[in-house]
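The values are calculated or read from the model by the stated rules, or taken from the named source; none is laboratory data. Quantities reported herein were computed from a predicted structural model and do not represent experimental measurements. Don't worry about glycine lacking a Cβ; one is built from the backbone with ideal geometry, like all the others, and counts go over all protein chains shown. Side chains included, ligands, DNA and RNA excluded: accessible areas come from the protein's heavy atoms. Shrake-Rupley method; radii C 1.70, N 1.55, O 1.52, S 1.80 Å.
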Amino acid sequence: MTTVNARPLLGCIADDFTGATDLANMLVRGGMRTVQSIGIPSREVAAGLDADAIVIALKSRTTPAAEAVEQSLAALAWLREQGCEQIFFKYCSTFDSTAAGNIGQVSEALLKALGSDFTLACPAFPENGRTIFRGHLFVQDQLLSESGMQHHPLTPMVDANLVRVLQSQTQLPVGLLRYDSVAAGVEATRNKIAELRAQGVGIAIADALSDQDLYTLGSACADLPLLTGGSGLALGLPDNFRRAGKLRDFDVASLPVVGGGEVVLAGSASVATLGQVAAWREAGRPALRIDPLAVAAGEPVVEQALAFARDSAQTVLIYATSTPDEVKAVQQQLGVERAGALVEDALGEIARGLRDSGVRRFVIAGGETSGAVVKALGVNLLQIGAQIDPGVPATISSSAEPLALALKSGNFGGRDFFAKALAQLAGGAQ
């Protein structure tokens with residue numbers, strides 16, 4: 001008979017909103033009852049939580065490192081108060097960061113707070129084409145630095161060597177848990193981890209080419225207080241708790257259908273989202289592009305977008321997605337931070353206006369965009385449903401008037417994702 005735990009087992013800190021839903025999706029697939037909080041939950045919310053795993057979504061990926069560390073430590077303190085046995089720090093499967101941070105700084109701070117001396121860093125997500133070999137991150141068949149991520153407007157990834165990238169962000173020695181150890185199984189992996197710790201390594205990049213490698217890593221690290229990585233590394237964690245008799249039997253329940261209008265909002269400049277926007281337009285569906293320069297000039301962009309949605313007989317796409325060259329040109333005029341903030345704020349205002357006019361189903365592309373939109377909508381807690389595409393589940397807000405949301409990382413989803421997500425949100429879990 002399965003023991004019913006009275007407190008959550010796994011506490012997760014995600015550095016953006018879509019990354020949090022990606023992780024929550026993985027845990028639900030593994031049979032963990034999972035809730036996602038937008039920011040640290042209030043005392044009232046905490047009192048009513050019933051979950052095996054809690055995922056706290058922060059907006060710390062591109063904030064100054066000191067601020068990201070402060071937010072992450074506050075989330076850690078809250079999760080420890082709830083009794084979580086293990087902590088997972090989630091970041092993007094393309095290791096989105098710069099020499100200024102924030103993956104290394106946050107990992108180091110969490111390790112110190114937990115009184116631990118070692119953790120893994122493994123953003124691999126083979127199901128979505130992210131693999132790591134000899135410490136180098138590949139996106140499909142290309143090195144990270146040649147995958148399009150080198151053009152990212154906020155975190156351009158120009159080096160695929162994750163040992164080198166991570167070492168620039170932390171004072172801890174960074175090592176490599178090579179594929180030959182992982183491929184040899186759980187015991188060999190544990191032995192290599194012990195060897196790395198004895199050498200003084202504080203964080204080790206872990207190679208992984210398949211889901212089986214991630215299960216191996218998860219099993220080998222069952223006793224580590226902290227793990228860090230992409231959602232793929234969480235694949236093996238539910239079984240650790242299940243083997244210990246701590247996990248309740250749980251099937252993913254279908255989410256209730258949410259009526260009302262629907263919209264697609266896209267702010268990501270990633271290759272995947274560019275393709276999804278193109279597919280929508282090629283299908284002849286209505287789309288309106290937000291121009292950051294027009295927003296900066298004080299033009300009534302939000303009002304125009306709301307009128308466009310109101311006057312359309314079909315579901316609309318409102319987007320700020322641009323090619324890398326277009327993004328760079330805008331950044332040169334407005335500055336990187338201001339250009340991003342203008343777009344996020346505008347899409348957040350548009351989302352709030354659409355909700356007030358009866359829209360209840362939102363498909364949102366881009367981590368920063370999702371963060372701005374859920375904040376504008378006042379969403380604090382999400383119930384996680386079935387997967388739409390790898391890394392992207394359907395969700396419903398836990399509020400008096402629920403909203404159905406699909407929060408998509410810019411890099412995720414097939415070319416037809418927007419239409420697919422709308423269909424699933426309209427019909428509940430498929």
Seminar exercise, completed: In the range 17-69, anything of a type in the set (D, E) and under 30 Å from R338 (Cβ atoms) is listed as D22, E67
For this session: Please identify the pairs in which a residue from the range 368-381 that is in contact (Cβ under 8 Å) with a residue 40 or more places away in the chain has its Cβ atom under 7 Å from the Cβ atom of a residue that is open to solvent by 10 Å² or more (accessible area, probe 1.4 Å) and among the basic types (K, R), counting only partners at least 6 apart or on another chain.
Result: G371/K59
Seminar exercise, completed: With criteria (1) open to solvent by 20 Å² or more (accessible area, probe 1.4 Å); (2) modelled with pLDDT of 95 or more; (3) under 20 Å from F17 (Cα atoms), F133 comes up short on (3)
Problem set entry | Selection count, the range 302-318, where residues are modelled with pLDDT of 95 or more and either on the phi > 0 side of the Ramachandran plot or not in a helix (DSSP H, G or I) (or both) | 6
For this session: Would you check if there is a residue in the range 320-331 being in contact with a Phe, Trp or Tyr (Cβ under 6 Å, 6 or more places away or on another chain) and either of a type in the set (S, T, Y) or within 22 Å of A423 (Cα to Cα) (or both)?
Result: no
Seminar exercise, completed: Counting only residues that are of a type in the set (A, V, I, L, M, F, W, C), in contact with a helix residue (DSSP H, G or I) (Cβ under 7 Å, 6 or more places away or on another chain) and more than 26 Å from V139 (Cα to Cα), the range 194-232 contains a total of 1
Exercise. Looking at the range 266-288, which of its residues are out of contact with any strand residue (DSSP E or B) (no Cβ under 6 Å at 6 or more places or on another chain) and under 19 Å from L354 (Cβ atoms)?
Worked result: G267, R285, P286
Exercise. Within the range 191-282, which strands (runs of 3 or more DSSP E) (wholly inside it) include 2 or more residues that are closer than 18 Å to I87 by Cβ and of a type in the set (V, I, T)?
Worked result: none
Exercise. Going by the structure shown, is T63 assigned by the TED database to the domain that holds E127, part of a loop (DSSP other than H, G, I, E, B), among the polar types (S, T, N, Q) and open to solvent by 10 Å² or more (accessible area, probe 1.4 Å)?
Worked result: yes
